[in-house]
1. Arrange the peptides 20-30, 117-127 so that the one whose residues have, on average, the most other Cβ atoms within 10 Å appears first.
2. Shape of segment 108-208 from its Cα gyration tensor (a ≥ b ≥ c, root eigenvalues): rounded if a/c is under 1.5, otherwise prolate when a/b > b/c, or oblate?
3. Pop the C-beta distance of residue 225 and residue 67 into the FRET formula with R0 = 30 Å and round what comes out to the nearest 0.05.
4. At 222 nm, what helix-only mean residue ellipticity would the chain give, in deg cm²/dmol to the nearest 500, using -39500 (n - 2.57) for each DSSP H run of four or more?
5. Please give the peptides 228-234, 7-13 ranked by average Cβ packing (other Cβ atoms within 10 Å per residue), highest first, as a rough proxy for protection.
6. Output the relative contact order of the chain, whole-number percent, from Cα pairs under 8 angstrom with separation of 6+ residues.
7. Please state the relative contact order of segment 108-208 as a whole percent: Cα pairs under 8 Å, 6+ residues apart?
8. Can you tell me what share of the DSSP beta bridges in the chain is antiparallel? A percent to the nearest 5 is fine.
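Just so it is clear, none of the values below were taken in a lab; they were calculated from the coordinates. None of the values given here were measured: they were computed from a predicted structure. Glycine gets a Cβ as well: all are built from the backbone with ideal geometry, and neighbour counts include every protein chain shown.
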C-alpha cells in the first residue's frame, strides 16, 4: 500500500523539515513546498506578506499534481495574524487551487486544544510582543481562554533555540489555572521538549509542528496505532477536531 501523501507549505526560512517527519505516523509521507520569504525577520508586515504577496496559490498549485490527502499551511503567525476569518480564508484558497482539504498551523493548534477539551491555556511564543499577543487573541476568538502569553522577543534565529530553552520558557509560561500549554512557531523545535514539559507540568502541550502534522493527518483520515506519537495530542478526540472545522 502506498503512503498517504500530505503536502506542507512552509515559509522560505523554515529549517525544521526533519521535525515534521518525526511527528508523522508510519505510512504518511510529507511533501514540502517553500513559500518565498523576502525577510527573515518575524514581524506583522512580513507575516502578512506571506498571505498577500501572491505566492500562496502557486505553492498550493505545485502540490496538486501529487493529489495530497490534505495540505498544511505551516506558518503559525501568518495564519493567526488576521484572526479566525483570515485563517479560514487561507484554507479556502489552498483547497480551491489544490482540491485537497487544508489546515493551517494556527487552525491545527485550535483544533488540538478543542480535541483535548482544553478551556484555558498558557501560550509561549518566540516572537516579539506585538506578534505574540495576536496568537492569544486568535485562541480567545476561537473559544479558548488564555491565562498568559509569554514572548521571547526574537525576530530571527528561532530555529537555533535549544530544547532546554524551550523547556525553560514553557515552565515559566505555565500558570496554575491553565489546563494546557501552547507553543508557537513552526521554526521552533519542540519534539524533545514536549514529553519533558508534559511530565513536569502534568498537562498537555500543543506545539506548532506537532499540531500541523496531527491535524493534517486527522483531515486525511490517517489511522495510527495505539500509543503512537509525541505528546497527549495524538490520543485526543479526533472526531472533535474534524467537527471543529
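1. Working: 20-30: 17.6, 117-127: 23.2.
Order by mean packing, descending: 117-127, 20-30.
2. Values: a/c = 1.65, a/b = 1.18, b/c = 1.40.
Oblate, since a/c reaches 1.5 and b/c is not below a/b.
3. Values: r = 25 Å, r/R0 = 0.84.
Plugging the Cβ-Cβ distance into 1/(1 + (r/R0)^6) gives 0.75.
4. -13000 deg cm²/dmol
5. Details: 228-234: 20.1, 7-13: 22.4.
Those peptides, ordered most packed to least, come out 7-13, 228-234.
6. Details: 518 pairs, mean separation 57.3, N = 245.
Relative contact order of the chain: 23 percent.
7. Numbers: 181 pairs, mean separation 33.5, N = 101.
Across segment 108-208, relative contact order equals 33 percent.
8. Values: 0 of 28 bridges.
Around 0 percent antiparallel, to the nearest 5.
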